[in-house]
Amino acid sequence: MQSDMREVLRIATPTAAVGAIATLVGGLVAGGEGAIGAAVGCVVVIVFMAFGMIALQWAAKTMPHLLQGMGLMIYSAQLVLLLVFILSIKNTTLFDLKAFALSLVVSVITWITVQTVRHAKSKTLYVDPEAESRNRSGGAGGERDE
């Protein structure tokens, strides 16, 4: 689980940096309410995406045969929860909703971009290097010494 959290932090850090810039811009454009709205938008993205990523990593380790279905279920749950959250704050006066929405969009784009770049640069094995040695030591496809 430690490596999973490191991966989440490696993606959340640039997203938080973009959120800090969005908070600064929101504060300059819309005052204190804009800064709060931008900060809340970034925090919502980091929390939702991090929990989704951790849940997907857990599903990949414990139930790899159900990974695709679990991914779709986690994504659907995230959308429903985000919709419920947005509907619950639509009439709020605590922060600027435009700054919130713009920060939310910019933070999601940042998260997805960083995650995509990290995945593209990762060295993921697509061949099981131990399969050949398992087959030779008496497995179904192994050679016999006579």
Margin query: Which condition from (1) under 11 Å from Ala99 (Cα atoms); (2) loosely packed, with under 14 Cβ neighbours inside 10 Å is the one that Arg6 breaks?
Written below: (1)
Notebook entry, point to check: Which residue pairs have Cβ atoms under 8 Å apart, sit 6 or more places apart or on different chains, and have a first residue in region 73-98 that is at negative phi and open to solvent by less than 100 Å² (accessible area, probe 1.4 Å) and a second that is among the small types (Gly, Ala, Ser) and outside any helix (DSSP H, G or I)?
Noted result: none
Next item on the list: For region 82-102, indicate whether the set of residues that are part of a helix (DSSP H, G or I), closer than 16 Å to Glu7 by Cβ and of a type outside the set (Phe, Trp, Tyr) is non-empty.
Entry: no
Item checked: Scan of region 2-24 for residues that are closer than 16 Å to Val106 by Cβ and touching a helix residue (DSSP H, G or I) at 6+ places or on another chain (Cβ under 7 Å), ordered by number -> Ile11, Ala12, Pro14, Thr15, Ala16, Val18, Gly19, Ala22, Thr23
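Give the residue that is surrounded by the fewest Cβ atoms within 10 Å (Cβ to Cβ), with candidates limited to residues of region 103-118 that are touching a helix residue (DSSP H, G or I) at 6+ places or on another chain (Cβ under 7 Å) and under 10 Å from Gly41 (Cβ atoms). Explain how you work it out, then say what you get.
In the first step, residues of region 103-118 are kept if they are touching a helix residue (DSSP H, G or I) at 6+ places or on another chain (Cβ under 7 Å); the result is 103-104, 106-108, 110-111, 114-115, 118.
If we keep only those that are under 10 Å from Gly41 (Cβ atoms) too, we end up with 103-104, 106-108.
Values: Ser103: 29, Leu104: 23, Val106: 20, Ser107: 26, Val108: 18.
The qualifying residue surrounded by the fewest Cβ atoms within 10 Å (Cβ to Cβ) is Val108.
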Check: Which pairs have Cβ atoms under 6 Å, sit 6 or more apart or on different chains, and link a residue in region 26-55 that is in contact (Cβ under 8 Å) with a residue 40 or more places away in the chain to one that is outside any helix (DSSP H, G or I) and charged (D, E, K, R)?
Finding: Ala30/Asp96; Glu33/Asp96; Gly34/Asp96; Gly37/Asp96
Next item on the list: Could you list all residues from region 9-27 that are within 23 Å of Ala120 (Cβ to Cβ) and open to solvent by 30 Å² or more (accessible area, probe 1.4 Å)?
Entry: Leu9, Arg10, Thr13, Pro14, Ala16, Ala17, Val18
Notebook entry, point to check: If we keep just the residues of region 28-54 that are more than 16 Å from Val106 (Cα to Cα) and not aliphatic (A, V, I, L, M), which is least open to solvent (accessible area, probe 1.4 Å)?
Noted result: Gly52
Check: Can you tell me which residue in region 103-146 is modelled with the lowest pLDDT, limited to those that are outside any helix (DSSP H, G or I) and either in contact with a Ser or Thr (Cβ under 7 Å, 6 or more places away or on another chain) or closer than 23 Å to Met49 by Cα (or both)?
Finding: Thr124
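The values are calculated or read from the model by the stated rules, or taken from the named source; none is laboratory data. The structure displayed is predicted, hence computed values, not measured ones. Cβ atoms come from the backbone with ideal geometry, glycine included; neighbour counts cover every protein chain shown. Surface areas here come from the heavy atoms of the whole protein model, side chains and all, with no ligands, DNA or RNA. Shrake-Rupley method; radii C 1.70, N 1.55, O 1.52, S 1.80 Å.
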